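Let me begin by presenting the structure, written as structure tokens, before commenting on it.
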Amino acid sequence: MRNRKRKGWRRIINGVSISTFFVVIFVAAPLYWLIASSLKTPANLGDSPPQYFPQPISGSNYHDAFVTYDFGIYFRNSLIVTLVATALVLVIGTLAGYALGRLPMRGKFTLMVTLLMISVFPEIAVIAPLYTLLKDLGWLDSYQGLIIPYTAFFLPFAIWILRNYMLGIPKEMEETSRIDGAGPIRTVWSIILPMALPGVFTAGIFTFTAAWTEFLMALTFNINLKTIPVGIATFGTALEVPFGTIFAASVVAVVPIGILVFIFRKFVISGLTSGAVKG
């Protein structure tokens, strides 16, 4: 019986390993093809059969992206909008998550359901009134014309993540801080925030990724001040599509997200796990 149980566990472990391998291949293969294609010369992009290893390796696509199509400007615009929107979401979301998770409050359930409905609300349903509002404010083709809508759309999901993580922090820590005479803001800053860093990093990475890749509002509100998704969509002409240049710009656009996930991967896993088991 023991041998049967051991064999059964080994089969399960082997099955999980094989499944994980295929998932990794499924995710990694498109990324490798994107990088490899960005390093090919324009003449080699359409080779049949395709080259799995670029020969020769060329950086002309990256040169064209930054010099010919001003990709550096689009990168700067996306960086400014995304960083400011993420900072606002984290500041407001941390305070709101603390209030919803730790403080006595009437109507918490209704408020949480409302936030959940807002987080899944389609952007296209409010594009027209938002465009009219931003036009009246004179915010079209401006950084704030994207920062404020991004903050409003991505804040509810961040509040959900942070509130669920706040629920897992022991109440004794907060009570000790109050006994020592600390006020609510000091308690959040000195006691709650250091313990909630995994949730904060998780919300920050999700917000950063969502703002970095958002297309519809960036296309509608900013005609001249383009971000990366809109800028890449304008590469080429009606008669020519520079696929190599698009691949190169896409590789550069993926780098910041990859760096963030790699550096804060432990915090992200901890934050997601906490949000999954508490509520």
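Just so you know, all these numbers are worked out from the coordinates, no wet-lab data involved. In this text, all values refer to a predicted model and were calculated from it rather than measured experimentally. Here the Cβ positions follow ideal geometry from the backbone for every residue, glycine too, while neighbour counts run over all protein chains shown.
Could you list Lys266, Lys108 in order of exposure, starting from the residue whose Cβ has the fewest other Cβ atoms within 10 Å?
Lys266, Lys108
Among all lysine pairs in the chain that are eight or more places apart or on different chains, how many have alpha carbons less than 29 angstrom apart? If you can, show how the numbers build up before the last one.
Numbers: Lys40/Lys226; Lys108/Lys171; Lys108/Lys278; Lys135/Lys226; Lys171/Lys266; Lys171/Lys278; Lys266/Lys278.
Lysine pairs meeting the criterion: 7.
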Checklist outcome for this item: Ranked output for segments 55-68, 242-255, 124-137 by mean other Cβ atoms within 10 Å, highest leading, reads 242-255, 55-68, 124-137
Checklist entry - When the chain is modelled as a GNM with alpha-carbon springs shorter than 10 Å, which of Ile148, Ile179, Ile118 fluctuates the most? => result Ile179
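With r defined as the distance between the Cβ atoms of Leu34 and Thr237 and R0 fixed at 25 Å, what FRET efficiency is calculated, to the nearest 0.05?
Working: r = 23 Å, r/R0 = 0.90.
Approximately 0.65, to the nearest 0.05.
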Checklist entry - Ranked by Cβ crowding within 10 angstrom, fewest neighbours first, how are Asp180, Asp141 ordered? => result Asp180, Asp141
Checklist entry - Once whole DSSP H runs in the chain are found, which of them have Cα atoms spread over 20 Å or more along the helix axis and a mean Kyte-Doolittle score of at least 1.6? => result 243-263
Checklist outcome for this item: Highest mean packing first, using Cβ neighbours within 10 angstrom, the peptides 217-227, 185-195, 89-99 sort as 89-99, 217-227, 185-195
Item to check | Of Val81, Val241, Val230, the one that fluctuates the most in a GNM where the chain has Cα springs shorter than 10 Å | outcome: Val241
Item to check | For the chain, calculated [θ]222 nm from helices alone, where every DSSP H run of n ≥ 4 adds -39500 (n - 2.57) | outcome: -23000 deg cm²/dmol
